[in-house]
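Read the figures in this text as sums done on the coordinates, not as results from a lab. For clarity, every value in this text was computed on a predicted model and none was experimentally measured. When we count neighbours, we look across all protein chains shown, and the Cβ atoms used for this are built from the backbone with ideal geometry, even at glycine.
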Amino acid sequence: MPPSPKKPPATGHHKLRIIGGRWRSRTLSFPMVDGLRPTGDRIRETLFNWLAPILPGSRCLDLFAGSGILGFEALSRGAAHCSLVELNPAAARQLRLNAEQLQADAAAIHQTSALDFLARPPTEPFDVVFIDPPFAGNLWQPVMALLERDWLAEGALIYVECPADLALDPPANWHSHREKRARQVCYRLYRYETTSEGRV
């Protein structure tokens, strides 16, 4: 009896709901691609409660955009701009479609890797940065190091999502601001400060 054929890879799209702001309850489609692991509703609600004081009018950077849910949620809640960086062509294409459907003129989609994006000179620093890479890539430390090259505004907040057992070594100017765990995931918020004034 011949061996049964391998199952074809999963295809199609998933959907996520924006949970706050002007696009509340709008849904985003995203393709099922390797390494794409969207941030769930509960973590997202906690994260955006943390970001509430700084988010209105801020410039945001979503370095591993994937579904785009973090970047579009930030725009929905009052961010002035968000650059969404995504390497996968299918995911980047869907990000553009989602931006068109939402009429999100303040969203800039960049189809490139996070490392290549950060290797270029920044034109203006960001107030909020999301770092939620595929867990298999081990990209946290290289990305944190590159962000030190003038990508962060004074007082910027940096969100990092990673496995709960991963030991991170953030730069000296990144000060732990918030931290929680959800099952096997740890999510942290750092504040970037080059001076001692205003540290929390």
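Values for this structure:
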{"quantity": "DSSP bridge pairs, the chain: antiparallel proportion in percent, nearest 5", "calculated": "55 percent"}
{"quantity": "Gaussian network model of the chain, Cα within-10 Å springs - most flexible of HIS110, HIS14, HIS81", "calculated": "HIS14"}
{"quantity": "Rg/Rh ratio calculated on Cα atoms of the range 45-137 (Kirkwood radius)", "calculated": "0.94"}
{"quantity": "Max mean-square fluctuation residue, GNM over the chain, Cα-Cα springs under 10 Å, options GLN94, GLN184, GLN111", "calculated": "GLN184"}
{"quantity": "Unmatched cysteines, the chain - criterion: no other Cβ of a Cys under 4.7 angstrom", "calculated": "CYS162, CYS186"}
{"quantity": "Kirkwood Rh in Å, taken over the range 99-196 so that all alpha-carbon pairs contribute", "calculated": "14.7 Å"}
{"quantity": "Dipole magnitude (debye, nearest 20) for the chain, charges at Cβ of Lys, Arg, Asp, Glu", "calculated": "880 debye"}
{"quantity": "Residue of ALA92, ALA182, ALA136 that the Gaussian network model of the chain assigns the largest fluctuation, springs spanning Cα pairs under 10 Å", "calculated": "ALA136"}
{"quantity": "Neighbourhood charge, 15 Å Cβ-Cβ cut-off, centred on LEU84 and excluding it, Lys, Arg +1 and Asp, Glu -1", "calculated": "-4"}
{"quantity": "Nearest-ten-degree value, helix 89-102 long axis tilted from longest Cα axis of the chain", "calculated": "70 degrees"}
{"quantity": "Convex hull (Cα only) mean projected area of the range 13-192, reported in nm² to one decimal", "calculated": "9.1 nm²"}
{"quantity": "Estimated [θ] at 222 nm from DSSP helical runs (n ≥ 4, -39500 (n - 2.57)) normalised by residues in the chain, nearest 500", "calculated": "-6500 deg cm²/dmol"}
{"quantity": "Least to most buried among SER113, SER176, SER58 (fewest other Cβ within 10 Å first)", "calculated": "SER176, SER113, SER58"}
{"quantity": "Rel. contact order, % - alpha carbon contacts under 8 angstrom, at least six apart, the chain", "calculated": "16 percent"}
